[in-house]
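Colleague: Got a structure for you, questions after.
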Amino acid sequence: TVLAILACFAAPLIAPFDPFDPAQISLWDGKLPPAWAEGGQAQYLLGTDNQGRDMLSTILYGGRLSILVGLTAVALGMTLGVALGVISGYFGGAVDAFVMRIADVQLTIPGILLAILINGIGRAVIPQELRDDFAIYVVILAIGLTDWPQFARVARGATLVEAQKEYVMAARVIGLPAWLIMLRHVLP
C-alpha cells in the first residue's frame, strides 16, 4: 500500500506518459491489451483505454487525486466529528441531545444522497465559471460532512468517561474554562 501511494505521488517521475497531454494520446492505439497479452505493446504496460491513453499513467495520476480527496475528506469529517463529540459529551444535557439527534438523523440518510445534495447546493451557490475550479472542494466537503457522525459518537463516548475522572474535576475546581479543559485534558 505504501509503495502504491509513493508511486502515485511520484507519477510525474515514473509514469511513461502524461494522460493530460493531448499530444501523447493516439486514437490508433485505443483499446490495446496489456503488454503481456497477445496484441499488447511494451510501451503500454497495462494497455490503453478507448481513447489511447496509457492505463498505468492514468492510474498513477488519478491515484494522487483520489488519495488527496480521501485523506482531506476524512480529516474534515474527523475534525468536525471529534469536536462535536467532545462538546456534546462534556456539556451533556440539551447540547448532547441536540448534537446526537442531528447525528442520528444524518445516519438515517444514505451518505450518497447527502453527498448529492451537498454537490447540488455547491453547484447552485458557485458561479458557472468557477465550478470546475471548486469541484474538488465540493467533493471533499460532501464526503467530509457525511462522515462526521461516526467520529462524533466515538468521541462523545470517550468524553463521557473522561469528564468524570478526578483530574478533569480538579481542573473545573481550579476554575479553568471549559474550552481549555476539553482541549488539554479530555481530548488527548
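Colleague: Before we move on, is ILE136 crowded, with 18+ Cβ neighbours inside 10 Å, out of contact with any strand residue (DSSP E or B) (no Cβ under 8 Å at 6 or more places or on another chain) and in contact (Cβ under 8 Å) with a residue 60 or more places away in the chain? Step through it out loud before you land on a result.
Modeller: Numbers: crowded, with 18+ Cβ neighbours inside 10 Å: no; out of contact with any strand residue (DSSP E or B) (no Cβ under 8 Å at 6 or more places or on another chain): yes; in contact (Cβ under 8 Å) with a residue 60 or more places away in the chain: yes.
In short, no.
Colleague: Only one of (1) in contact (Cβ under 8 Å) with a residue 60 or more places away in the chain; (2) open to solvent by less than 90 Å² (accessible area, probe 1.4 Å); (3) over 22 Å from ALA115 (Cα atoms) fails for ALA37. Which number is that?
Modeller: That leaves (1) as the condition not met.
Colleague: Output the number of residues of the stretch 141-178 satisfying the condition of being exposed (fewer than 15 other Cβ atoms within 10 Å of the Cβ) and under 27 Å from the mean Cα position of the chain (by Cα).
Modeller: Number of matching residues: 2.
Colleague: Please work out if PHE91 is modelled with pLDDT of 95 or more and farther than 30 Å from LEU13 by Cα.
Modeller: Values: modelled with pLDDT of 95 or more: no; farther than 30 Å from LEU13 by Cα: yes.
Against the criterion (modelled with pLDDT of 95 or more and farther than 30 Å from LEU13 by Cα), PHE91 does not qualify.
Colleague: OK, next. Mind counting the residues in the stretch 6-18 that are under 24 Å from the mean Cα position of the chain (by Cα) and either at positive phi or open to solvent by 70 Å² or more (accessible area, probe 1.4 Å) (or both)? Lay out the reasoning, then the answer.
Modeller: As a first pass, look at the stretch 6-18 and keep what is under 24 Å from the mean Cα position of the chain (by Cα): 6-12.
Narrowing the set further to residues that are either at positive phi or open to solvent by 70 Å² or more (accessible area, probe 1.4 Å) (or both) leaves 6, 9, 12.
Residues flagged as under 24 Å from the mean Cα position of the chain (by Cα) and either at positive phi or open to solvent by 70 Å² or more (accessible area, probe 1.4 Å) (or both) within the stretch 6-18 amount to 3.
Colleague: Looking at GLY52, is it touching an Asp or Glu at 6+ places or on another chain (Cβ under 8 Å) and either open to solvent by 60 Å² or more (accessible area, probe 1.4 Å) or in a helix (DSSP H, G or I) (or both)?
Modeller: So GLY52 does not fit the description; no.
Colleague: Just the residues that are loosely packed, with under 13 Cβ neighbours inside 10 Å and either in contact with a helix residue (DSSP H, G or I) (Cβ under 6 Å, 6 or more places away or on another chain) or part of a helix (DSSP H, G or I) (or both), please, taken from the stretch 99-123.
Modeller: Step one: filter the stretch 99-123 for residues loosely packed, with under 13 Cβ neighbours inside 10 Å, giving 101, 104-105, 108-110, 112-113, 116, 120.
Matches in the stretch 99-123: ARG101, ASP104, VAL105, THR108, ILE112, LEU113, ILE116, GLY120.
Colleague: Those residues that are open to solvent by 60 Å² or more (accessible area, probe 1.4 Å) and of a type in the set (S, T, N, Q), I need them from the stretch 19-34; list them, please. Let's see the steps before the verdict.
Modeller: First, pick out the residues of the stretch 19-34 that are open to solvent by 60 Å² or more (accessible area, probe 1.4 Å): 20, 22-24, 27-28, 31.
Of everything in the stretch 19-34, just one residue is open to solvent by 60 Å² or more (accessible area, probe 1.4 Å) and of a type in the set (S, T, N, Q), namely GLN24.
Colleague: Can you tell me which residue among GLY63, GLY89, GLY30 is in contact with a Ser or Thr (Cβ under 8 Å, 6 or more places away or on another chain), touching a residue at least 24 places away in the same chain (Cβ under 8 Å) and small (Gly, Ala, Ser)? So that I can check it myself, show each step before the final result.
Modeller: Details: GLY63 fails: in contact with a Ser or Thr (Cβ under 8 Å, 6 or more places away or on another chain); GLY30 fails: touching a residue at least 24 places away in the same chain (Cβ under 8 Å).
After applying the criteria, what remains is GLY89.
The values are calculated or read from the model by the stated rules, or taken from the named source; none is laboratory data. The model shown is predicted, which means the values in this text are computed figures rather than measured ones. Using ideal geometry, Cβ is built from the backbone for each residue, glycine included, and neighbour counts are taken over all protein chains shown. Accessible surface areas use protein heavy atoms only, side chains included; no ligands, DNA or RNA. Shrake-Rupley method; radii C 1.70, N 1.55, O 1.52, S 1.80 Å.
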